[in-house]
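Below is one structure, written out as structure tokens; the observations come after it.
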Amino acid sequence: MEVLKIQGGIPLKGHVRAAGAKNAITKLLVASLLSDKPCHFYNVPSIGDVEVTVSLCQEIGMQVSWDREKGEMHVVTKELKTSYIPQRFSGSNRIPILMMGALLGRTDEDIIVPVAGGCDLGQRPVDFHISALESLGASVEYRPMKRQGAYFARAHNGLQGNQITLPFPSVGATENTILASVTARGTTVIRNAAMEPEIIDLILFLQKLGANITVDVDRTIRIQGTRRFYEVQHTVLSDRIEAASWGMAAICTKGRVFVEGAQHLHMITFLNKIREVGGAFDVRHNGIEFFYDGPLEGGLHVETDVHPGFMTDWQQPFVVLLTQAAGSSVIHETVYEKRFGYAETLQEMGADITLFKQCLGGKCCRYASKNYAHSMIVKGPSPLTAREISVPDLRAGFAYVMAACLASGQSVISGVQFLDRGYENLAGKLAGLGVQIERSTVKDPVPVMLPMAVDEEEEVKLEECLA
């Protein structure tokens, strides 16, 4: 198993480029399955989630040419080889569930996709997805298997546009509904839709592809169904999560880092919180420079929310930043109920963090009185000490990297594969910013959560369902 060895106590200084957004390119690849036209993507990150998504798309017929050094990918799916996503992709990431929306418009065959995966942040149910697809005329059924279940979807009579109101502005459900609506007959109206920059990027791509989509200011998206598509060239937007991660790492280590590709428009709420805590930034034409500008002050209230609120994926590294700020601050997580699993490790490193099951702050959220620790108080400044760390999920992983950069001594971080899912060349970029870091292989691996193995017998059983 590979580990990162980080010597703490060194300010991050220099220049780093934010790669293309993980949460954009993976969905764009799925969207390209709607047509048989070539699609050309630029600013493609070389990360684990893209590799998994490419393998998944190739499984069903996509032809892929990927120049990792240039960040260019050219894809075309002239025809589908199958509409069955093998069980080995179960738990790999959240992409398989989105295949339903894309493939329902491409094939009349039954579609089988494994259960959704990704980081263990909570229940992350897919009922919003299923309800929306059924409103468009699809039939979706969950069938339990011996170990892992699968979703069976079909629309033998095609999809029909409809009026759909999402109970919560779920990113995944919004994306799935948009993908299915592109080829549905008539007009689909999605209300209470998510409006994250990555969804807007998906809409821009689909418009180039041939879709007729409008977006209203009240979270309403309208899609006029089409079957006429075009060849597309599309540049993936920069990753706002990675950009923010480097900014927080620079400020908390009392350094200065210019993040090329950081986009002001997509980070307004985050930048406001950076100002509130006493951090500094300078917006330039091609990125944002983040730097330490004197003692950091706590006393903040941070509540995660859907866009344009404070992003849940910014929360974990921001907590590390708050451990270096004088005073007490409140974090209220409203998007996922199990997002504070990383707190115990930070406490062991010396952070003063207290968890609460109540909603602390401005409003009660959907996790009120449900016995989840989804609020915390962070007191600082707290000196951190190095230790051995096992990464539980992607964003907690970067929070641990930040903590290791702050800590006195050398920290050893295992579970590097989680970081590889979303951060391109992380060790190389850290080294370029002055961090003493080594990526190496150790003989005694630390156990980590991996997708559950699937029996060959179970694979055969699923394949027989298509026969």
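Nothing in this text is a laboratory measurement; each read-out follows from the coordinates by a stated rule. Here the structure is a predicted model, which is why all the values come from computation and not from measurement. Heads up, the Cβs are rebuilt from the backbone with ideal geometry, glycines too, and the neighbour counts pull from every protein chain shown.
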Candidate lysines for bridging to Lys13, where Cα separation is under 16 Å - those fewer than 8 sequence places away on the same chain excluded: Lys254, Lys429
Cα centroid of region 403-437 to Cα centroid of region 329-381, whole Å: 25 Å
Residues Leu426, Leu33, Leu98, Leu204 arranged by fewest to most Cβ contacts within 10 Å: Leu204, Leu426, Leu33, Leu98
Cβ-defined net charge surrounding Pro167, 12 Å radius [Lys, Arg +1; Asp, Glu -1]: +1
Dipole of the chain, positive end: most advanced residue of Gly397, Tyr84, Val236 [Cβ charges, Cα centre]: Val236
Size of electric dipole in the chain: Cβ of Lys, Arg +1 and of Asp, Glu -1, about Cα centre, debye, nearest 20: 720 debye
Under-5 Å amide H pairs with Asn212, H placed in peptide plane, nonlocal only: Gln224
Length released on extending from Glu51 to Arg191, taking residue separation times 0.36 nm less the Cα-Cα span: 47.1 nm
Karplus-derived HN-Hα couplings along region 32-43 (A = 6.51, B = -1.76, C = 1.60, θ = phi - 60°), whole Hz, x at Gly and Pro: 5, 5, 5, 10, 9, 8, x, 10, 10, 10, 10, 6
DSSP-assigned coil residues among trypsin sites (Lys or Arg not before Pro) in region 180-230, each with at most 10 further Cβ atoms within 10 Å: Arg228
Where Cα atoms sit under 27 Å apart: lysine pairs in region 22-237 separated by 8 or more or lying on different chains: 19
Cut-off under 5 Å, modelled amide H: who pairs with Ser408 long-range: Leu384, Thr385, Ala386
Dipole of the chain, positive end: most advanced residue of Gly105, Ala194, Gly432 [Cβ charges, Cα centre]: Ala194
Efficiency of FRET from Cβ geometry, Arg68 and Ala431, R₀ 25 Å, rounded to 0.05: 0.85
Debye-sum result for region 1-72 in log10 I(q)/I(0), which assumes one identical scatterer on each alpha carbon, at q = 0.28 Å⁻¹: -1.41
Ranked Cys39, Cys57, Cys364, criterion: other C-beta atoms within 10 Å, fewest first: Cys364, Cys57, Cys39
Separation of alpha-carbon centers, region 239-300 and region 171-189, rounded to whole Å: 35 Å
Length released on extending from Ile377 to Thr220, taking residue separation times 0.36 nm less the Cα-Cα span: 52.9 nm
Full-stretch length increase - Arg439, Ile268 - with 0.36 nm per residue and alpha-carbon distance subtracted: 58.2 nm
Nearest-0.05 FRET efficiency for Ser408 and Gln160, computed from C-beta distance (R0 56 Å): 0.35
Efficiency of FRET from Cβ geometry, Leu360 and Glu276, R₀ 22 Å, rounded to 0.05: 0.85
All-pairs Cα distance distribution in region 22-237, expressed in whole percent, bin size 10 Å: 9, 38, 40, 14, 0
Reachable lysines, given that their alpha-carbon falls under 24 Å from the alpha-carbon of Lys370 and they are not under 8 places away in the same chain: Lys338, Lys357
Viscosity 1.002 mPa s, temperature 20 °C, Stokes-Einstein D of the chain from Kirkwood C-alpha radius, µm²/s: 93 µm²/s
Calculated [θ] (222 nm, deg cm²/dmol) that DSSP helices of n ≥ 4 give over the chain, each run adding -39,500 (n - 2.57): -9000 deg cm²/dmol
